[in-house]
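Only the coordinates and a few stated rules stand behind these numbers; no lab work does. These figures come from a predicted structure and were not determined experimentally. When we count neighbours, we look across all protein chains shown, and the Cβ atoms used for this are built from the backbone with ideal geometry, even at glycine.
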Amino acid sequence: MNRIFQQTYHVAGTLSADLAITFTAPCNCTLLHVSAVGSNANNGLLTIGDSDDADEYLTSASIGDSHVPAEFDGGDFVDTSGNTHTKYYPRIADGTIVKIALDYDGDGGTATANFTLVLTFAEG
């Protein structure tokens with residue numbers, strides 16, 4: 001089995017603008033699971049992609065409310081054509097620039113507070 005690793009992000013306080021997180025994939029890897037939540041009832045929307053396609057891996061999805069994370073996995077991720085499948089796990093090449101965006105209040109709704117995001121990958 002390939003080594004599993006996680007990346008965790010936490011932003012304290014109530015957001016007043018959209019959040020952008022960017023990192024470079026440290027190795028060839030596969031995105032297995034995403035967990036995202038705010039501490040309040042919120043309208044936050046999460047998108048995950050790469051430098052060529054902002055929603056390459058996860059199209060705009062509502063995050064969890066009131067400390068109950070929303071979870072995303074192979075049934076939620078999209079392929080390079082934007083299609084969902086019963087089970088699809090995006091392969092990310094070593095050196096790929098991964099971009100995560102949080103629309104902090106959806107379409108003018110309630111702003112996200114104390115945002116936490118956990119990404120789980122398999123190396124290889």
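By other beta-carbon atoms within 10 Å, ranking ILE21, ILE92, ILE100 with the fewest at the front produces ILE21, ILE92, ILE100.
Our summary gives the chain a relative contact order of 47 percent, counting only alpha carbon pairs under 8 angstrom and 6 or more residues apart. Using the Karplus relation 6.51 cos²θ - 1.76 cosθ + 1.60 with θ = phi - 60°, the per-residue 3J(HN,Hα) values for the stretch 47-57 come to 10, 10, x, 10, 5, 9, 8, 4, 10, 4, 10 Hz, with x marking Gly and Pro.
Net charge dipole, the stretch 15-116: roughly 240 debye, given to the nearest 20, about the Cα centre with Cβ charges of +1 for Lys and Arg and -1 for Asp and Glu. Close amide H contacts of LEU32 (hydrogens built in the peptide plane, cut-off under 5 Å, sequence separation of 5 or more or a different chain): THR120, PHE121, ALA122. Summing +1 for each Lys or Arg and -1 for each Asp or Glu, what net charge is found among the other residues whose Cβ lies under 12 Å from the Cβ of SER35? For residues surrounding SER35, the net value is -3. Spin-label pair CYS27-ALA61: with each label point 7 Å from Cα along the Cα-Cβ axis, the two points sit 2.4 nm from one another. Taking other C-beta atoms within 10 Å as the exposure proxy, SER81, SER39, SER16 rank SER81, SER16, SER39 from fewest upward. For the pair ARG91 and ALA20, a Förster radius of 22 Å applied to the C-beta separation gives a FRET efficiency near 0.45, rounded to the nearest 0.05. Taking amide hydrogens as placed 1.01 Å from N in the peptide plane, the amide H of VAL78 sits under 5 Å from those of LEU58, THR59, each at least 5 positions away in sequence or on another chain.
Want the number for SER51 to THR8: 0.36 nm per residue separation, take away the alpha-carbon distance, what's left? Let's see the in-between values first.
Working: separation 43, 0.36 × 43 = 15.48 nm, distance 2.01 nm.
Extra length available between SER51 and THR8 comes to 13.5 nm.
Would you order HIS10, HIS33 from fewest to most other beta-carbon atoms within 10 Å of each residue's own beta-carbon? Walk me through the numbers on the way to the answer.
Numbers: HIS10 9, HIS33 18.
Listed from fewest to most nearby Cβ atoms, that is HIS10, HIS33.
Below 10 angstrom from the Cβ of GLY82, what's the summed charge of the other residues (Lys, Arg +1; Asp, Glu -1)? Display every interim value, and only then the final one.
Values: positive: none; negative: ASP53, ASP55, GLU56, ASP79.
Spelling it out: positives minus negatives among the neighbours equals -4.
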